[in-house]
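Computed from the coordinates by the stated procedures, all read-outs in this text should not be read as laboratory data. Everything numeric in this text was worked out from a predicted model, so none of it was measured. Virtual Cβ from ideal backbone geometry, glycine too; neighbours counted across all protein chains shown.
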Amino acid sequence: MMSFIKDLLLHFSIILFLGFMYNFVYMQKLRINYHLVFIISTYITLFVTVIFPIQFVDGSQYDLRFLPVFISFFYISPNVCLGLIGFLTLLSSLIGGSVLMTILNYGIVFLSFMLLKKAFRNGDIFKRISLAFSIYLIITSTRAALLLTQQNTEQLPYLLVFSVVAFLALVLVIYIIEMTNFQLKAMSELHKAEKFSAISQLAASVAHEIRNPITTIKGFMQVLKGEENLTSSQNMYIEISLQELDRTQTIINNFLSLARPNSHQFGEINLSLVLHEITEFMRPYSHYSNIEIINEIEQGLTIKADPHEFRQVIVNLVKNGIEAMPKGGIFYIKAIKDLKGVRISLQDEGIGMDQTQLKRIGNPDYSTKEKGTGLGLMISYDIIQRMKGEMVVESELGKGTTFTLLLPIPTSRALLVGIFVSLWCVFY
């Protein structure tokens, strides 16, 4: 019994090594290939658990080989998991295990993982732990059934203890990895927040001072433009100067939007009507660029937002989409209501972005446009976050970009009161 507990605790520590390695390699700012180091860690963990199994009372052996396979599939990639299963098959052949049974068992496990992949990726930490529990419960049940068919009931208490400890080890590794990912995301958000704060302070102190002389210069340039004795070249220079002054004015207005105090007029707005109005407003600009706007907007959609800010977001995204299609094409505006709220999709057929560009959009110092500042998207992200919504970007080079806005539906107090009264009548 003592030997069994000792081996079990050793394997428990070996599995926890995976979680601590994940935390170490991703949180430390070292010049290493984080992904490769963690993959090597899963191979080491698998090797140790298989070579030094846990001895049961009748000489049979169990190990925790399933756990590195689980972690590699859901937290690295299915391809790495396949490589780990291949390595496991090789180890089984070297230690005299059944290669055929290993391939059969883990082939079924891999297919099961593929079926659960989407649910696991889309779930929160509690749903992920629940899925892990369900999978391990099935494994434990099959092992217990096998012992019962062999009338080997004395091993059942050992199997129960082994399964509980194994599941706890898996839960702790999942928790450590999830908390590490949460910390990394929080650090990234904090870094962005610091940029927002710096830009806001800069905007508050500088924008007003720059705006006044620009207004004066623009006024004098417009006066000069009206002179009759100017040459065509001089008129062209004045026109270019005015365009650049307008662009500078737009940048300053964006800075002021970031520095403006949060006195937002939030209220319920007719989203369907607003999107139709914006479509008609942007249609002349799209026709000028040889682009057709097609909208598929569900009627009766409402959201809670500042109407001016929300229009600013949509107009900015539509304008960006149109400018991303220099050869023309179709721009789609779609809006529907689903179980999570209102979903607005803005899709272009433009030049698209690669993964590196996708990670940088929304930063104040980055833009895919030649004369862009990145402030427009940065402000859009800020507005959507204040609306308790989410902006998701999907893009592929040469095929276009889709901005998806996920916005909550306003809850009416009258509806809540009605539901409460109905429930009261039913139960009382």
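Descriptive notes on the structure:
- Subtracting the Cα-Cα distance of LEU273 and LEU406 from 0.36 nm times their residue separation leaves 46.1 nm of extension gain.
- Net charge over other residues, Cβ less than 14 angstrom from the Cβ of LEU131 (K, R count +1; D, E count -1): +3
- Gyration tensor verdict on segment 73-118 (Cα atoms; rounded if a/c is under 1.5, prolate if a/b is larger than b/c, oblate otherwise): oblate
- At most 16 other Cβ within 10 Å, DSSP loop - GluC sites (Glu not before Pro), segment 259-355: GLU298
- Note on SER134 and GLU244: with the Förster distance fixed at 45 Å, the Cβ-Cβ geometry gives a FRET efficiency of about 0.15.
- Spatially close lysines, pair count over segment 75-201: Cα under 30 Å, gap of eight or more or interchain: 8
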